[in-house]
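J.: Got a structure for you, questions after.
Derivation of every value follows stated rules applied to the coordinates shown; laboratory data play no part. What you see is a predicted model, and the numbers here were worked out from it, not measured in a lab. Heads up, the Cβs are rebuilt from the backbone with ideal geometry, glycines too, and the neighbour counts pull from every protein chain shown.
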Ligand code: GDP
Ligand code: IMO
Ligand code: MG
């Protein structure tokens with residue numbers, strides 16, 4: 001069972017961090033392959049709560065080698081801030097490996113992210129403002145700065161000059177901001193060189209060698225399927241491939257190595273930022289989910305938009321990622337509801353549509369068609385076997401599983417590390 005991928009099956013914040021932490025004691029390497037510090041993963045271990053953004057969640061487990069691979073964009077200030085914060089709490093980060101090919105988020109990427117959002121006005125994406133989009137744009141435009149550039153001052157200066165040339169015109173003339181000095185950026189990046197050097201590696205080679213030696217490698221996706229730049233609700237997406245294919249291009253490991261692809265899905269749906277969301281609730285049910293599920297962003301603190309479970313989205317994720325399993329989280333949040341609606345299809349301009357429409361306009365117009373299931377009142381946070389769940393909760397899971405495109409192998413019943421029901425093994 002060498003390579004396993006975890007991806008978000010909705011719009012993020014499904015509990016990927018907790019799922020990674022659950023598997024971490026069985027794995028040797030954990031790889032973050034996409035995104036950057038736009039991610040926010042909360043992991044609860046005993047009385048301790050950890051919020052991780054740039055570092056993979058598997059770093060919390062002793063003995064695991066954490067890897068930040070080439071597909072990630074790295075804000076170095078955040079990297080060392082997170083490392084120091086974990087070290088201060090007794091977590092060992094000394095095994096961390098960072099790809100020489102990963103791109104670097106600089107001050108100008110953060111600035112451009114914020115000013116372009118402001119200029120978009122009503123059309124804004126609602127980004128996290130961390131510079132993610134502008135850094136990936138530079139990567140695709142071939143004017144990005146990579147980790148390896150930091151170790152050659154001349155090359156670094158040339159590249160920063162090249163990148164800032166046109167950007168300063170844009171910042172000054174269009175956005176009415178001050179020009180950014182090349183030396184400011186160069187000296188900031190160079191200030192991290194000594195601390196960074198021992199971590200930097202050919203991570204694709206190291207991961208390949210680990211897989212050859214039969215080590216277990218877990219690829220931890222940031223963001224989610226519906227935020228993927230190719231397969232999500234474009235343009236209301238992030239700028240990386242957060243679907244399972246991103247694990248291959250984002251790490252340099254061929255697709256044949258991935259034996260298990262696990263989609264993390266909430267028992268309801270949330271979204272942060274703008275964009276279509278067919279099952280979104282604007283009434284007290286939405287408030288109930290937000291308050292009970294504590295749906296506020298780990299990264300920005302923004303309240304998350306909440307809605308019912310959307311089975312066409314689950315099926316879409318199962319297809320796009322080739323999911324072998326789902327981990328369904330936050331079932332406990334539904335406790336106390338009399339009835340639980342599940343979206344089984346959409347109505348688009350008066351026509352019933354079974355799958356996520358390819359046309360973005362149709363998806364904007366899609367109205368959910370619901371089937372309703374009876375709820376339960378019993379506290380389920382102590383359930384550890386499927387049969388510990390009340391009959392109505394079991395029936396809900398079985399009904400959702402039937403229409404979601406892959407088996408539900410584990411069920412989250414609370415934020416704690418052990419608050420999970422395992423139905424099928426995720427690693428064999
Ligand atoms: P990620 O970005 O996918 O890692 O998810 P986040 O950490 O942003 O958001 C998930 C939140 O739900 C975190 O606060 C977790 O502690 C919490 N959580 C995860 N699984 C469960 C669960 O089964 N029940 C409850 N109540 N909370 C959960
Ligand atoms: P995790 O890994 C939820 C959303 C932002 C915005 C859009 C683009 O915790 O699930 P960006 O800053 O990436 O350019 O913003 O994507 N977004 C997330 N939403 N969870 C995340 O990560 C997200 N990362 C980005 O809110 O709508
Ligand atoms: Mg999150």
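J.: Nearest 10 degrees is fine. How inclined is helix 311-321 to the longest principal axis of the chain, computing both from alpha carbons?
T.: With rounding to tens, the tilt is 40 degrees.
J.: Please state the relative contact order of the chain as a whole percent: Cα pairs under 8 Å, 6+ residues apart?
T.: Values: 945 pairs, mean separation 85.3, N = 428.
So the answer I get is 20 percent.
J.: Okay, moving on. Per the helix-only calculation at 222 nm, which mean residue ellipticity applies to the chain, given -39500 (n - 2.57) for every DSSP H run of n ≥ 4 and division by its residues, nearest 500 deg cm²/dmol? Walk me through the numbers before you get to the answer.
T.: On the way: 13 runs with 128 residues, N = 428.
Helix contribution divided over all residues of the chain: -8500 deg cm²/dmol.
J.: May I pose another question? Using alpha carbon centroids, what distance separates the stretch 8-78 and the stretch 269-328, in Å?
T.: 20 Å
J.: Restricting to Cα atoms and excluding each atom paired with itself, what does the Kirkwood estimate give for the chain in Å? List each step's numbers first, then the result.
T.: On the way: mean 1/r = 0.0451 Å⁻¹.
It works out to 22.2 Å.
J.: Sequence gap at least 6, Cα distance under 8 Å: using those rules, report the relative contact order of the stretch 103-196 to the nearest whole percent. It would help to have the intermediate numbers written out before the result.
T.: Values: 89 pairs, mean separation 24.3, N = 94.
It comes to 26 percent, rounded to a whole number.
J.: Where does each of 288, 277, 282 land when they are ranked from fewest to most other beta-carbon atoms within 10 angstrom? Present the calculation step by step, with values, prior to reporting the outcome.
T.: On the way: 288 17, 277 23, 282 10.
Fewest to most other Cβ atoms nearby, the residues stand as 282, 288, 277.
J.: With everything on Cα atoms, drop me the angle between helix 76-88 and the longest principal axis of the chain, reported from 0 to 90° to the nearest 10.
T.: Once rounded, the angle reads 60 degrees.
J.: For helix 107-120, report the angle its Cα long axis makes with the longest principal axis of the Cα atoms of the chain; keep it between 0 and 90° and round to the nearest 10°.
T.: That works out to roughly 50 degrees.
J.: For an R0 of 45 angstrom, estimate the FRET efficiency from the Cβ-Cβ distance between residue 47 and residue 209 and round to the nearest 0.05. Write down the numbers at each step before the final one.
T.: Working: r = 38 Å, r/R0 = 0.85.
Efficiency, from the Cβ-Cβ distance: 0.75.
J.: How high is the relative contact order of the stretch 42-120, in percent, counting Cα pairs under 8 Å that sit 6 or more residues apart? Could the numbers behind the result be given before it?
T.: On the way: 75 pairs, mean separation 23.6, N = 79.
The normalised contact order for the stretch 42-120 reaches 30 percent.
J.: Continuing with this model, one more query. Taking the Cβ of each residue in 103, 208, 109 as the centre, tally the other Cβ atoms inside 10 Å and list the residues starting with the fewest. Kindly include the intermediate steps, with their values, before the conclusion.
T.: Numbers: 103 22, 208 17, 109 27.
With the sparsest Cβ surroundings first, the list reads 208, 103, 109.
J.: By counting other Cβ atoms within 10 Å of each Cβ, how are 344, 67 ranked from fewest to most?
T.: Numbers: 344 18, 67 30.
Least to most surrounded, the residues fall as 344, 67.
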